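Enquirer: Sharing a structure, written as structure tokens. Questions coming.
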Amino acid sequence: MATTDAAAVGGEKRSIDAVDLFSRFAPLIFLLLLVAVMSILEPGFRTERNLFNVLRQVSIIGILAIGMTFVILTAGIDLSVGSMLAFAGIVCASVAKGTRDLLVGGVTDPGGSRVLLAALAAIGLGMLIGAFQGTLIARIGIPAFIVTLGGLTAWRGATLLWSNGQPISSFSDDFTFWGQGFLGPVPVPVVFFLVLVAIGQVVLKYTQYGRWIYALGGNPEAARLSGLNTVLLGASVYVISGFCAGLAGFLQTSRLNSAEQVAGQGFELNAIAAVVIGGTSLFGGQGGVIGTFIGAMLIGVLQNALVIRNVNPYVQPIVVGAIIILSVLFDQLAKQRRR
């Protein structure tokens with residue numbers, strides 16, 4: 001009888017482990033299967049050129065998703081990153097040219113140190129907005145959904161107001177290098193994306209700050225009672241998200257050779273999708289940037305595969321939405337089985 005009970009317990013344990021294992025590695029499994037299938041169906045898919053093309057396509061969303069990972073790990077959300085990207089882009093374009101009035105076909109910026117000032121302006125603006133929203137959320141206690149939903153509208157409006165509804169374009173080679181240039185065979189935005197993935201992984205896994213972020217997301221009250229400054233921690237992740245949005249705004253403007261009011265529309269949803277698909281729990285305390293990288297790549301490879309196979313483009317959002325729902329479903333099933 002004891003042996004039977006032990007076997008039952010062992011069987012239950014194996015079942016729990018199987019569900020947990022699949023929930024953790026499902027995005028990577030799907031990504032590898034998709035790459036394998038597409039490599040067989042389309043030999044050109046596995047070329048170095050196409051790989052870097054996919055990486056370039058996901059780099060801006062990926063950078064936003066890195067910041068979003070920190071936010072969601074604390075059980076927060078940032079719906080304003082797309083609008084922040086647009087606002088940062090239009091401001092950095094103005095700083096590069098020294099005016100808000102040079103529109104399409106205007107004089108190029110002088111390049112050199114002015115490009116650095118433009119990048120710093122974009123990043124600084126993103127961090128400032130992040131600090132403002134983070135303070136409202138962490139110190140005053142306004143729900144993150146409400147604050148960042150308001151930010152989604154407000155910062156888009158600020159972009160229109162700043163530029164009087166007109167795009168700013170025509171930049172120097174020094175400026176466009178950061179979005180269009182290459183370091184060897186690797187596009188520059190991809191380098192930024194990969195570097196941020198590495199930094200994010202180190203911070204979350206090997207620093208005390210990273211452990212605090214997981215603690216805050218796992219149990220905010222326990223984190224507070226253990227002596228952590230939960231207000232400062234909660235606000236800091238929105239500063240990180242703002243940093244990533246500002247950097248993405250600069251790179252996007254550089255890549256398009258134009259700062260536009262519609263830049264970044266819908267990017268917040270794609271960034272959240274990459275984070276959730278990558279295994280970071282919407283309830284906080286579980287996940288990481290490596291999973292976010294895999295999630296971003298899965299979306300990028302899937303979209304690339306659908307384009308190569310001439311699938312109706314309207315099908316793409318449906319597929320991505322289904323994957324998001326399945327990712328959350330597996331996460332919920334895994335949590336229930338652990339209990």
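Enquirer: Show me the ranking of peptides 61-71, 109-119 by mean Cβ neighbours inside 10 Å, starting with the highest.
Expert: Details: 61-71: 30.4, 109-119: 17.6.
Per-residue Cβ counts within 10 Å, averaged per peptide and sorted highest first, yield 61-71, 109-119.
Enquirer: Hey, another quick one. Under 1.5 on a/c is rounded, so check that first for segment 249-293, then, if it is not, pick prolate when a/b is larger than b/c and oblate when it is not; a ≥ b ≥ c are the square roots of the alpha carbon gyration tensor eigenvalues. Working shown, then result.
Expert: On the way: a/c = 4.00, a/b = 2.51, b/c = 1.59.
Prolate.
Enquirer: Where does segment 225-339 land on the Kirkwood hydrodynamic radius, alpha-carbon pairs, in angstrom? Numbers along the way, then the final one.
Expert: Details: mean 1/r = 0.0606 Å⁻¹.
Value: 16.5 Å, from the Cα pair sum.
Enquirer: Please identify, among 229, 312, 50, the residue showing maximal mean-square fluctuation in a Gaussian network model of the chain using a 10 angstrom Cα cutoff.
Expert: Top of the fluctuation ranking is 312.
Enquirer: With θ taken as phi - 60° and the coefficients 6.51, -1.76 and 1.60, list the Karplus ³J(HN,Hα) couplings across segment 206-212 in order, rounded to whole Hz; mark glycine and proline as x.
Expert: Karplus-based 3J(HN,Hα) across segment 206-212 equals 10, 10, 5, 4, x, 5, 5 Hz.
Enquirer: Can you list the residues, at least 5 places off or on another chain, whose amide H is less than 5 Å from the amide H of residue 182, using H built in the peptide plane?
Expert: It is 188, by chain and number.
Enquirer: A further question follows. Could you give me the ³J(HN,Hα) list for segment 235-242, computed from phi with Karplus coefficients 6.51, -1.76, 1.60 and θ = phi - 60°, whole Hz, x at Gly and Pro?
Expert: Couplings: 6, 5, 5, 6, 5, 4, 4, x Hz.
Enquirer: A follow-up question, please. Springs between alpha-carbon pairs under 10 angstrom, Gaussian network model over the chain: which of 197, 58, 307 fluctuates most?
Expert: Of 197, 58, 307, the Gaussian network model singles out 307 as fluctuating most.
Enquirer: Can you figure out the FRET efficiency of residue 149 with residue 40, using R₀ = 45 Å and their beta-carbon distance, to the nearest 0.05? Please list the in-between numbers first.
Expert: Details: r = 44 Å, r/R0 = 0.97.
E between residue 149 and residue 40, to the nearest 0.05, is 0.55.
Enquirer: Match the structure shown to one of the listed values [x] 34, 61, 6; [y] 26, 61, 13, 0; [z] 30, 54, 14, 2, 0 of P(r) over Cα pairs in 20 Å bins from 0, in percent, computed from it, and give that label.
Expert: For P(r) over Cα pairs in 20 Å bins from 0, in percent, the calculated option is [z].
Enquirer: Using the Karplus curve 6.51 cos²θ - 1.76 cosθ + 1.60 with θ = phi - 60°, what ³J(HN,Hα) values do you get for each residue of segment 108-114, in whole Hz, with x for Gly and Pro?
Expert: Once θ is set to phi - 60°, the couplings for segment 108-114 become 6, 6, x, x, x, 5, 5 Hz.
Values in this text are rule-based calculations from the coordinates and carry no lab data. Source: prediction; values computed, not measured. Note that each Cβ is placed from the backbone with ideal geometry, even for glycine, and that neighbours are counted across all protein chains shown.
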